[in-house]
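Participant: Got a structure here, written out as structure tokens. Questions coming.
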Amino acid sequence: MLKLPSREFPIIPGKRITLREIQHTDLLDILDISYYDGQKASTVEQAAAMQNLIQQNCLEGSSVHWGIALNDSNKLADTCGYYRGFEKEAGELGCILLPQFYGKGFMTEAMNLAIEYGKNTLRLKRIWAETSNSNQAAINLLNRLGFKKTADLEEDEVIYDYVY
């Protein structure tokens, strides 16, 4: 399993957004997109407990989970990160977006920053994503980023690999 290159949480600035650690003060803003292990939080307390588990995963070296903060307000619009560990120098890149930020390009910028971090800092040999065949917005995003469909899974799920 890979470890983060330092004990400091990686902060990655972009043109319009910054990938940063999620703070307790952010939880109300991202409650609608707070998930852990496929379970959605329905209260701020549940979201806080999930965030604590996510932070523990980061400390253990099995994931990196960023809040995507707008540079002009520091308000979170989305989350993204590497999940399910880094076995065999590979990382699953995932994201989730608040509906009011759809179509503004924030996720494209965030995922590009995360991909560069995975390639150059974590030195991942494989970056992949999983989505459903019915999630056309995610498929369009993955295609724009340079991912290619590599596998069909059960229950309408598909795997896309980043090509580099």
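Participant: If the reach is capped at under 16 angstrom between alpha carbons, list the lysines near Lys88, excluding any in the same chain fewer than eight residues apart.
Facilitator: The qualifying lysines are Lys3, Lys119, Lys125.
Participant: Restricting attention to the stretch 5-82, which GluC sites (Glu not before Pro) occupy a DSSP loop and are surrounded by at most 11 other Cβ atoms within 10 Å?
Facilitator: Glu8
Participant: Further, regarding this structure: How large is ³J(HN,Hα), in whole Hz, for each residue of the stretch 76-83 in order, when computed from phi with the Karplus curve 6.51 cos²θ - 1.76 cosθ + 1.60 and θ = phi - 60°, using x for Gly and Pro?
Facilitator: 7, 9, 7, 9, 7, x, 9, 10
Participant: In units of 2.2 N^0.38 Å, what is the alpha-carbon radius of gyration of the stretch 120-164?
Facilitator: Here the answer is 1.18, to two decimals.
Participant: Could I ask something else about it? Sort 127-139, 71-83 for me by packing, meaning the mean count of neighbouring Cβ atoms within 10 Å per residue, highest on top.
Facilitator: The packing order, highest mean first, is 71-83, 127-139.
Participant: Continuing with this model, one more query. Report, in deg cm²/dmol and to the nearest 500, the calculated mean residue ellipticity at 222 nm for the chain, where each DSSP H run with n ≥ 4 adds -39500 (n - 2.57) and the sum is divided by the residue count.
Facilitator: Only helices count here, giving -7500 deg cm²/dmol.
Participant: Full extension from Ile96 to Thr25: what is 0.36 nm times the residue separation minus their Cα-Cα distance, to one decimal in nm?
Facilitator: Full extension from Ile96 to Thr25 adds 23.7 nm.
Readers should treat all values here as calculations from the given coordinates under stated rules, not as data from a laboratory. Small disclaimer: the values here were computed from a predicted structure and weren't measured. Don't worry about glycine lacking a Cβ; one is built from the backbone with ideal geometry, like all the others, and counts go over all protein chains shown.
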